[in-house]
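Beneath this line is the structure, given in structure tokens, with notes to follow.
The values are calculated or read from the model by the stated rules, or taken from the named source; none is laboratory data. Because the structure is a prediction, the values reported are computed rather than measured. Here the Cβ positions follow ideal geometry from the backbone for every residue, glycine too, while neighbour counts run over all protein chains shown. The protein model used for the area step is the full one, side chains on, heavy atoms only, and it has no ligands, DNA or RNA in it. Shrake-Rupley method; radii C 1.70, N 1.55, O 1.52, S 1.80 Å.
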Amino acid sequence: MIWKLKVQVASSSVFPLTCMLSFSESKSTNDGSRDQPAAPVVSGSTTTSNAESNSSTSKVGEELKVASQLRKFTFYELKSATRNFRPESLLGEGGFGCVFKGWIEENGTAPVKPGTGLTVAVKTLNHDGLQGHKEWLAEVNYLGELQHPNLVKLIGYCIEDDQRLLVYEFMPRGSLENHLFRRSLPLPWPIRMKIALGAARGLAFLHEEAEKPVIYRDFKTSNILLDADYNAKLSDFGLAKDGPEGDKTHVSTRVMGTYGYAAPEYVMTGHLTSKSDVYSFGVVLLEMMTGRRSMDKNRPNGEHNLVEWARPHLGERRRFFRLIDPRLDGNFSIKGALKAAQLAHACLSRDPKSRPLMSEVVEVLKPLINLKDMASSSYFFQSMQAERAAANSNNQTGRNGLKSQASFPRNGHQPVRSLSNGSHPSPYRQSPKPNDKQP
Ligand SMILES: Nc1ncnc2c1ncn2[C@@H]1O[C@H](COP(=O)(O)OP(=O)(O)OP(=O)(O)O)[C@@H](O)[C@H]1O
Ligand SMILES: [Mg+2]
């Protein structure tokens, strides 16, 4: 097994360099004839000549037959819709590339004046090889077919020479990651539970309701997007896989996903089941409860890995309180937090068979969003706070166990993609990170 590590670097206020590069590449491509192929940017197995890019385009055209209801955009349309991929339109950047805000006509593909028509998010693929193209294709094929209120809507795509773009409905509140770890105001507990429920419904649909079961494989806070009412929608189907068919118990795959979220048995064996997603859900639920990232090298020794740190407290009725995000300052439901801790414990079970189905997770979460038994008014919580304060005064950190999120790298986690076989070197790719602003 070979791992391709993508190390993500903090950059909240500076416009990411790679986005500037892709902007200037796009610009030069389009200042000439729109039909000219973009200059080849990377080595390796990506398209390096006009002839090759044309043949790959037509091959891909065949592979895209299923997605006929999607709108097909030209590069020029998307360039105009995002006002030349300008920095002010940047919504964020991930491993795939940069995401820009844009405006298109309600029912077509033509760009329109900002603030009119349909607001969209345009994801541009970095020119970085076959893996990127495969993920682009998986996204188009899965999201083109799957429709559910808890999956982000893919509106269309662009494939032109070696340009690959995706056009989504715009999600005004951005990603859960931004809200949980980057905003100064803590996300209220009932909203956290609402988001957990929405995201669980999305996974339950993929596993148990879709025509063919789908394993999502990249469940994490940055892939949970939020609409104006904090309804959660899953995005990024680049790593999604068809579930096992017939009497098969698992799918065998290259190990791909993100450190800190991938289920241990999947990392060890490459055997993928829907229970791998359930484990990742447990990690995200824990992140929502604690306000801590799944991996955080800035925390004291023994606390880098959230699951390892939290596991001993999860099953303990009296100790689970210590896990709850101190920034909530007691503004969480005691019953709700206890149920959420038990649920996370079950999802994070080392034995995949002991993990619940996502439909069961949905049932447990449903009642939790309306609970009003706030811990701040309980005697038990107040005495625990006093205990915590005493412990903190003995401990020189004086930080209530929580460092300021603002000082963290933007992504404490390290997304990891493996390569298909041993024939490629294992490249370490640094990708500057997104603005957290949502223009
Ligand atoms: N449809 C959308 N509406 C609004 N903002 C979006 C949308 N899609 C993505 N974004 C923003 O762009 C950011 C980058 O998204 P992207 O999926 O490319 O990367 P990521 O999820 O952060 O990382 P990774 O590549 O590891 O999945 C998101 O975190 C989010 O803030
Ligand atoms: Mg993503």
One checks the Cα atoms of region 258-378 and finds Rg and Dmax, in Å, of 14.4, 47
Sorting Lys297, Lys123, Lys194, Lys212 on solvent-accessible surface, 1.4 Å probe, most exposed first, gives Lys297, Lys212, Lys194, Lys123
The pairs in Lys233/Lys339; Lys72/Lys113; Lys212/Lys339; Lys101/Lys220; Lys153/Lys275 lying past 28 Å Cα-Cα in this model are Lys212/Lys339
With Rg from the Cα atoms and Rh as the Kirkwood inverse mean 1/r over Cα pairs, region 176-377 has an Rg/Rh of 0.95
In region 292-379, the GluC sites (Glu not before Pro) that sit in a DSSP loop and have at most 15 other Cβ atoms within 10 Å of their own Cβ are Glu303, Glu316
Given 100-107, 349-356, 288-295, 219-226, the highest-first ranking by average Cβ count within 10 Å works out to 219-226, 288-295, 100-107, 349-356
